[in-house]
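Structure record follows, encoded as structure tokens.
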Amino acid sequence: MPLVNDLGLRLDGRKYDELRPIKIEVGTLEKADGSAYIEWGKNRILVAVYGPREVHPRHLALPDKSLFRCRYHMAPFSTEERKNPAPSRREVELSKVIREAVEPAIFTELFPRTGIDVFIEVLQSDGGTRCAGITATSLALADAGVPLRDLVVACAAGKASGQIVMDLSDIEDQKGEADVPVAISPRTGEVTLLQMDGILSGEEYERALNLAIQGCKMVHELQKEALRTKYSVAQAEEEELEKAEEEEATQK
Amino acid sequence: MAEGDYSAGKNTYREGNRFYASLVGLSNVAGRTIYVVALRGCYMPVPGDIAIGKVIDLRLGGWIMDINAPYAAILPTSEAFGRMFNSRKDEMTDFLDVGDLVVAKVVAFDRTRDPVLTIRESGLGKISEGHIVKINPTKIPRVIGRRGSMIGLLQKETGCHITIGQNGLILVSGKNPEDEAAAIRAIHTIEQEAHTTGLTDKIAQLLKEKKVIEH
């Protein structure tokens, strides 16, 4: 069965340049310093941020900047077949690439000798968890009040049944020919994560990369929206308050 | 956030001629400086701040304190004894032991070294009674209010003595538990509704209602 039909529609009815439905929530967890929850297609991912705080064990602390640690973990019930909860080779790798994708956006030099810890829990996975994880991580960091240069955002593109498509689902990832996850810093357009699994021609790669970047920009809008929803109330009220204060001052 | 002839203030950074906010907050302009008031964040000590801390360890040089910051603070022994500490004559635990709570003042901090505290001023020292309320440090200015209006109101209406630590910890000590409970409730309300207009009036109303019910 082809992954893309004659009409150019994919198994879930999307066109080649459409994202799966995305829902993002900021500040989901009470106890964490910052948190975010993302639903990206059938992916369900929860991200918690702690810090800047003291590093334990102490000897890991860096004298000139904050130590940024990241743990990507899939819950045993997140996949079709039970996943062993112990960190797998894949999870260790993803923790590393997510860390390296997000770290350039953080002002780590503002908090020397401290640590910032990120915990990414995949509750349900459906392909593209690293991208969803990165997207939610930058929001959780913003929610924790960690100074950021930008909100890093990620999206994948790839090739399924001979077609270059955006945001691969689980089946397209497994049965398709190639997968190219990309993370960018949307303000500058810098690429912080670029991986490729599978085989693409030079021209196809170019198209996939551009499609992924296009996807990133779309997700970035949703990211900003999520932050605004959480904090807009405060913003509006603060402005009102300031106005009132000004009026008070002029009356005097 | 802005573009042009400004200088980058707190929580902002510039790139070429453009200015950006580095965290979620409310942007402001004072003169030609652009700054952002943070809505979330951790406490960063500033010399002169009052901070409420907990003793977590004893060292020869002093007590190590948790002041709710990314850095553990040190309270030197000389602060407590007023002279050089003599480990033969003096017992550090007689003065402060692990778990004790202290109102202290930050005297030095520059991120390369841990903050240093002092307790040699009036109003500072070991806490012997009262309740500690912990809130987000970014909300502390709201609890104090404009020119101390909010804190003044709280103290007047509840009859409690309230010490505010800039690190997000607040000490409430009153004559009876009911007063303290009222003050704590009010503080939590302030934290939750930190950015609503007419908050001082709202709290005044809240506290008055409580009184009527109690009497």
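Observations
- Note on B:Glu91 and A:Ala61: with the Förster distance fixed at 30 Å, the Cβ-Cβ geometry gives a FRET efficiency of about 0.40.
- Using the Cβ-Cβ distance between A:Glu81 and B:Arg14 with R0 set to 51 Å, the FRET efficiency from 1/(1 + (r/R0)^6) comes to roughly 0.50.
- Net charge contributed by nearby residues that have their C-beta within less than 13 Å of B:Ala108 (K/R +1, D/E -1): -1
- With all protein chains in place and a 1.4 Å probe, the accessible surface of segment B:50-126 carries 46 percent carbon and sulfur.
- Solvent-accessible area per residue for chain A (1.4 angstrom probe, square angstrom): 48 Å²
- Along segment B:27-41 the Karplus relation, 6.51 cos²θ - 1.76 cosθ + 1.60 evaluated at θ = phi - 60°, assigns HN-Hα couplings of 7, 9, 10, 10, x, 10, 9, 9, 9, 10, 8, 6, 9, 9, x Hz to successive residues, with x for each Gly and Pro.
- For segment A:202-217, Karplus couplings with θ = phi - 60° (6.51, -1.76, 1.60), whole Hz, Gly/Pro x: x, 5, 5, 4, 4, 5, 4, 4, 5, 5, 5, 5, 4, x, 4, 5
- Pairs of Cα atoms nearer than 8 Å and 6+ residues apart set the relative contact order; for chain A it is 20 percent.
- Ranking A:His73, B:His131 from most to least accessible surface, computed with a 1.4 Å probe over the protein chains only, gives B:His131, A:His73.
- Helical runs (DSSP H, four residues minimum) scored at -39500 (n - 2.57) apiece and divided by the length of chain A put the mean residue ellipticity at 222 nm at -11500 deg cm²/dmol.
- Largest-first ellipsoid semi-axes for segment B:131-210, taking √(5λ) over the Cα gyration tensor eigenvalues, angstrom: 17, 15, 10
- Cα-centred dipole magnitude for the protein assembly as shown, charges only on beta-carbon of K, R (+1) and D, E (-1), debye, nearest 20: 980 debye
- Rg in Å to one decimal, and Dmax rounded to a whole Å, for segment A:22-228 via C-alpha atoms: 16.6, 52
- Taking the chain by itself as reference, segment A:140-174 contains these residues with an accessible-area loss of 40 Å² or more in the full protein complex (1.4 Å probe, heavy atoms): A:Gly145.
- Heavy-atom accessible surface of chain B, averaged per residue, reaches 51 Å², computed with a 1.4 Å probe.
- Distance (nanometres) between label positions extended 7 Å along Cα→Cβ at A:Gln124 and A:Leu194: 3.4 nm
- Of the trypsin sites (Lys or Arg not before Pro) in segment B:75-129, those whose Cβ has at most 15 other Cβ within 10 Å and which sit in DSSP loop: B:Arg83, B:Arg88, B:Lys89, B:Arg113, B:Arg120
- For segment A:177-216, a drop of 40 Å² or more in accessible area on going from the chain alone to the assembled protein chains (1.4 Å probe) is found at A:Arg187.
- Separation between Cα centres of segment B:127-171 and segment B:1-72, rounded to whole Å: 20 Å
- Nonlocal amide H pairs with B:Ala51, under 5 Å, H built at 1.01 Å: B:Ala104, B:Lys105, B:Val106, B:Gln166
- Per principal axis, descending, Cα span of the protein assembly as shown in whole Å: 82, 63, 50
- Theoretical gain in end-to-end length, B:Gln205 to B:Ala181 [0.36 nm per residue, Cα-Cα removed]: 7.0 nm
- Carbon plus sulfur fraction of accessible area for segment A:60-210, probe 1.4 Å, in percent: 53 percent
- Calculated from backbone phi, Karplus (6.51, -1.76, 1.60) coupling profile of segment A:34-42 in Hz, x at Gly/Pro: x, 7, 8, 10, 10, 10, 10, x, 8
- B:Met84-B:Leu58 FRET efficiency (beta carbon distance; Förster radius 22 Å; 0.05 resolution): 0.80
- Segment B:22-116 pair-distance distribution - Cα-Cα, 5 Å bins, rounded %: 3, 12, 20, 17, 16, 11, 6, 5, 5, 3, 1, 0
- Buried accessible surface for the B/A pair, both sides summed and rounded to the nearest 100, is 2600 Å² with a 1.4 Å probe.
- Sorting the segments A:37-43, A:218-224 by their residues' average number of neighbouring beta-carbon atoms within 10 angstrom, most packed first, yields A:37-43, A:218-224.
- Reported value for chain B: 139 Å³ per residue, from the convex hull of its C-alpha atoms.
- The spacing between segment A:80-106 and segment A:130-192, judged by their C-alpha centroids, is 14 Å.
- 11 Å beta-carbon shell around A:Ala154, net charge (K/R +1, D/E -1): 0
- The translational diffusion coefficient of segment A:77-169, from Stokes-Einstein at 4 °C and 1.567 mPa s with a Kirkwood hydrodynamic radius over alpha carbon pairs, comes to 87 µm²/s.
- Net length gained if the chain between A:Glu225 and A:Ser201 were fully extended (0.36 nm per residue, minus Cα distance): 5.0 nm
- Degrees, to the nearest 10: A:129-143 long Cα axis against longest axis of chain A: 10 degrees
The values are calculated or read from the model by the stated rules, or taken from the named source; none is laboratory data. Fair warning: this is a prediction, and the values are worked out from it, not measured in the lab. When we count neighbours, we look across all protein chains shown, and the Cβ atoms used for this are built from the backbone with ideal geometry, even at glycine. The area values use the complete protein model at the heavy-atom level, side chains included, leaving out ligands, DNA and RNA. Shrake-Rupley method; radii C 1.70, N 1.55, O 1.52, S 1.80 Å.
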